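Everything on this sheet refers to the single structure shown next.
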Amino acid sequence: MELINGIINAVSGLLYQPWCVPLILLAGGILLTVRSKFIQVRLFKESFKVILEKPATENGISSFGALMVSTASRVGTGNIIGVATAICAGGAGAVFWMWVTAIIGGASAFVESTLAQIYKKRNDDGTSYGGPAFYMRDALKQRWLGVIFSVLIIMTYAVGYNMLAAYNLQDTFSAFDFYSKTTAVVIGIILAVLFGIIVIGGAKRLVKVTEVMVPVMGVLYVLVAIFVLILNAKQLPGMFAMIFESAFDFKAIFGGFAGSCIMNGIKRGLYSNEAGMGSAPNAAATADVSHPAKQGLVQMLSVFIDTLLICTATAFMCLSSGVAFNSDMGGASFVQASMAENLGSFGPVFLCVAMSLFAFTTLIGNYSYCEGCLRFILNREVSKSGILLFRIIATVLVFVGAIASAGTVWNLADMTQGLMVIVNVPVILILAKPAMLCLEDYCKQKKEGKNPVFIAKDAGIDADLDYWK
C-alpha cells in the first residue's frame, strides 16, 4: 500500500507543476474564451433561456434533464469539503482562483459539450449518446485516444471520485463524539450497500427520490449560508480583504507553489466544476435539443452554478465565521467548526444530512459515466457477467474509499482528473472550429428571430454525422 501511495503522490505532484495541468487548463480556457468572443459574458443571459426549453421530441431528454445528470456528479462533496480543504491547504486566496478557474472554464465547458452534441450517436429508440471518446474517434480519427480517455474516465469516476466522495462523507461525522474508526467502516458499508442496490439491483426509484431531494437540499444549503452571512455581516469586509490579499501574495505563492492558493484553487475548482475535463459532455450528448450550441450553453451555466454559487456559499460561510484554520486542519473539520460556531448543534447535523444526500447522488452520477466508457473500450456490448463484475468492483471501491487515508484519496482524485485534462483540453483546442461554426450558426439564427435548428452543412461542417444531416 505504501508503494501505491508513493506512486500516486509522485504522479500527482508532477502533474500539478506550473507547466502541466494548470498551464493547460488555464491557457486552454483563455484561448477558447477569446476565440468564442467571451461567450461567458456575451451569452450568459441566453443560457438561462435555453435551460427552460422542452426536448425537441416527445420522449427525449431535455437540456435541463441532461444538466441534472452532470450536476449530480458536480454538485456534491467537492462544493463543501473540497472548498474547505482548498482554503485550509492554500489559504483564503484559493477561493479567488477557484472563481478564475470557473469563469475561464466556462468557455471550455461550452466547447466540449457542443462537440459532444455535434458528434453524438443515435440509439435504435431515437435517443442519443456520446462524449469525448466519440469526438476523438470520429472527428480526430483516433480511436486509440478515445480508448485511453475512456479508461481515464473510469479511473477518475468509479475509482478516484467515488472513493473520495465516500471518504468525505464519513469524515463529516468526525465532529461528533461517537466517531471512531468503526464509524468509518459502518458508513462505508451503508454507502456501499445503497450504491450496490442501485447499480446492481436496479432500484431506480431511490435515484428518483434523491433527484428531487438534492436540488431542495442545495437550495436549503445556500439559504443557510446566506443566513450565516447575515449573522456575520460585520465580518464581510475583512473576509473579502483576506481573500484578495492572499490571492495576490505572490511572494508567498511562488515560495511554495505546490501548496499555494493558486494550485489549491485550481485543483479544487477543477474537482468541483470539472470544466475542461471531458466528463459533462457524456451527459450533454444525451440531451434532445434542436441545436448543439444550446446544450453547450447549458453546461457552461452549470459550471457557474457549481462554483460561483454553491462553492462560494461554502467559502463565505467558513471565512466569515471567524474560525481559525491551518494546513493541518481537515476540510470537514473546518466546515463543521464554522457551522457550529454560527448555528450551534443544528449546524453539524444539517451538514451531515446535506453531505449524505450530496455524496449519494454524487456516487450514482459519477458511475453513470462509466458503463458507456466500458462499452467504447471493448467496442461492443458487455456481457451480463462482465457488467456484473464491473458493478461489484465499483461497489467495493466505495467501501474502500470510506476507510482509506485522506492523502491517498485526494491525491488519487487529483492524479486521475489531471490526466483527463491533459488528454481532453488539447483535443478540444484542435477541434474548436466545428464548435465555433456551430456557435456562429446559433447566433445568426437568433438574430433572425428563429428558434435555432442545426443542419451541419448549413453551418459549414462537412462530416458524416448521425444527427444534424
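The values are calculated or read from the model by the stated rules, or taken from the named source; none is laboratory data. Computed from a prediction, not measured in an experiment: that's the story for all the values here. With ideal geometry, Cβ positions are generated from the backbone for all residues, glycine too; neighbour counts draw on all protein chains shown. Quick note on the areas: whole protein, heavy atoms, side chains included, nothing else; ligands and nucleic acids left out. Shrake-Rupley method; radii C 1.70, N 1.55, O 1.52, S 1.80 Å.
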**Fill in**
Filtering segment 407-442 down to residues that are of a type outside the set (S, T, N, Q), within 28 Å of Gly331 (Cβ to Cβ) and touching a Ser or Thr at 6+ places or on another chain (Cβ under 9 Å) yields Trp410, Leu412, Ala413, Asp414, Met415, Gly418, Leu419, Met420, Val425
**Request:** Hey, can you tell me all the residues within segment 188-218 that are modelled with pLDDT of 80 or more, open to solvent by 20 Å² or more (accessible area, probe 1.4 Å) and either part of a helix (DSSP H, G or I) or at positive phi (or both)?
**Result:** Ile189, Ile190, Val193, Leu194, Ile197
**Prompt:** Within segment 137-174, how many residues turn out to be open to solvent by less than 10 Å² (accessible area, probe 1.4 Å) and not in a helix (DSSP H, G or I)?
**Reply:** 0
**Request:** Confirm whether Leu169 is within 16 Å of the chain's Cα centre (by Cα) and not β-branched (Val, Ile, Thr).
**Result:** no
**Message:** Let me confirm something: among Thr395, Thr408, which residue is surrounded by 23 or more Cβ atoms within 10 Å (Cβ to Cβ) and among the hydroxyl-bearing types (Ser, Thr, Tyr)?
**Reply:** Thr395
**Request:** Return yes when Ile305 is assigned to a helix (DSSP H, G or I), surrounded by fewer than 24 Cβ atoms within 10 Å (Cβ to Cβ) and β-branched (Val, Ile, Thr) and no when it is not.
**Result:** yes
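Between Asp125, Asp177, which is closer than 26 Å to Gly322 by Cβ, out of contact with any helix residue (DSSP H, G or I) (no Cβ under 7 Å at 6 or more places or on another chain) and surrounded by fewer than 19 Cβ atoms within 10 Å (Cβ to Cβ)?
Details: Asp125 fails: closer than 26 Å to Gly322 by Cβ.
Just a single option satisfies the conditions, and that option is Asp177.
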**Request:** Might you check whether a residue that is in a loop (DSSP other than H, G, I, E, B), open to solvent by 10 Å² or more (accessible area, probe 1.4 Å) and at positive phi occurs anywhere in segment 355-372?
**Result:** no
**Prompt:** Is it true that some residue in segment 435-449 is part of a loop (DSSP other than H, G, I, E, B) and more than 30 Å from the chain's Cα centre (by Cα)?
**Reply:** yes
**Message:** For Lys120, only one of the following conditions fails: (1) among the basic types (Lys, Arg); (2) open to solvent by less than 30 Å² (accessible area, probe 1.4 Å); (3) free of Cβ contacts under 8 Å to residues at least 24 places away in the same chain. What is its number?
**Reply:** (3)
**Message:** Could you list, ordered by first residue, the pairs with Cβ atoms under 7 Å in which the first is in segment 433-450 and open to solvent by 70 Å² or more (accessible area, probe 1.4 Å) and the second is not β-branched (Val, Ile, Thr), at least 6 apart or interchain?
**Reply:** Lys446/Pro452
**Request:** For segment 451-469, enumerate the residues that are open to solvent by 20 Å² or more (accessible area, probe 1.4 Å) and assigned to a helix (DSSP H, G or I).
**Result:** Lys457, Asp458
**Asked** From the list Ser327, Ser338, which one is under 24 Å from Ser246 (Cα atoms) and modelled with pLDDT under 80?
**Response** Ser327
**Asked** So which residues in segment 316-333 are buried (at least 24 other Cβ atoms within 10 Å of the Cβ) and under 22 Å from the mean Cα position of the chain (by Cα)?
**Response** Met317, Cys318, Gly331, Ala332
**Prompt:** Condition test on Gly296, is it open to solvent by less than 10 Å² (accessible area, probe 1.4 Å) and more than 19 Å from Ala354 (Cβ to Cβ)?
**Reply:** yes
**Request:** State whether the residues of segment 281-300 include one that is in contact with an Asp or Glu (Cβ under 9 Å, 6 or more places away or on another chain), more than 25 Å from Val50 (Cβ to Cβ) and in contact (Cβ under 8 Å) with a residue 12 or more places away in the chain.
**Result:** no
